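To start, the structure under review is shown below, and the notes come after it.
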Amino acid sequence: MGSKRSKMPGMTFIVGMPRSGTTLLTNLLNSHPNLISTPENEFILFAHASFKNKSFEKESEVNAFMKLFEYDFNTEPSIWVPGEKLREDIKGATKKNFATLCKLAYLNYPLAGQKQNVEYVIDKNPVYSLHMPLLQSVFPDAKFIVLVRN
């Protein structure tokens, strides 16, 4: 899916305090055929320092990125373990940088395979409210939806 795309999807981050409606909004948006929303996973924050300047031309760099998904980022077990399709998509990508590999990882989330023409990836995580400048440095064109509860 990812490597055959003429244009990578845009990124949207949903941030907000717990119990502010972020999960409800995420689930509503996920019903749209051109949007994919993934479960909370902190791989971007976890991997940024190690991979932000990599070219991903070396097999060892790709292997290290793939290994990220074997780690338990949260206290809950991850249902998101991309397979060899992600590796194929990385090899076929014309632009290989950290942002592109993150988008390809999102596009290899199991639900993404059920959708065609994904235009936006939505990542919801309350902890992102503390890391918005970092996320914007990785994804300069990203959109942020900030929910508050009064």
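The values are calculated or read from the model by the stated rules, or taken from the named source; none is laboratory data. Being a predicted model, the structure only gives us computed values, none of them experimental. Please note: Cβ atoms are built from the backbone with ideal geometry, for glycine as well, and neighbour counts cover all protein chains shown. Ligands, DNA and RNA are stripped out before the accessible areas are found, and what is left, the full protein with its side chains, is counted by its heavy atoms. Shrake-Rupley method; radii C 1.70, N 1.55, O 1.52, S 1.80 Å.
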Let me check I've understood the local charge: for Asp141, count other residues with C-beta under 15 angstrom from its C-beta, Lys and Arg +1, Asp and Glu -1. What total comes out?
+2
Cut-off 12 Å between beta-carbons: net charge of the residues surrounding Ser50, Lys and Arg +1, Asp and Glu -1:
+2
Taking the highest mean first, how do the peptides 18-27, 54-63 order by number of other beta carbon atoms within 10 angstrom per residue?
18-27, 54-63
If every Lys and Arg gets +1 and every Asp and Glu gets -1 at its Cβ, then about the Cα centre the range 7-150 yields a dipole, in debye to the nearest 20, of 340
Of Tyr71, Val148, Asn125, which is farthest towards the positive pole of the range 11-150's charge dipole, taken about the Cα centre with +1 and -1 on the beta-carbons of Lys, Arg and Asp, Glu respectively?
Val148
So what's the back-of-envelope 222 nm ellipticity for the chain, counting only DSSP H runs of four-plus at -39500 (n - 2.57) apiece and dividing by all residues, rounded to 500?
-10000 deg cm²/dmol
Straight-line reach only, C-alpha to C-alpha below 30 angstrom: list the lysines that Lys124 could link to, leaving out same-chain residues fewer than 8 apart.
Lys4, Lys7, Lys52, Lys54, Lys67, Lys85, Lys91, Lys95, Lys96, Lys103, Lys115, Lys143
For an R0 of 41 angstrom, estimate the FRET efficiency from the Cβ-Cβ distance between Leu28 and Ser60 and round to the nearest 0.05.
0.50
With every protein chain left in place, what is the accessible area of Ile44 in Å² (1.4 Å probe, nearest 10)?
0
Given Cα pairs under 8 Å that are at least 6 residues apart, what percent is the relative contact order of the chain?
50
Just to confirm a number: summing +1 for Lys and Arg and -1 for Asp and Glu over residues other than Met17 whose beta-carbon lies under 15 angstrom from that of Met17, what do you get?
+2
Per residue, in Å², the accessible surface of the chain once ligands and nucleic acids are set aside, probe 1.4 Å:
56
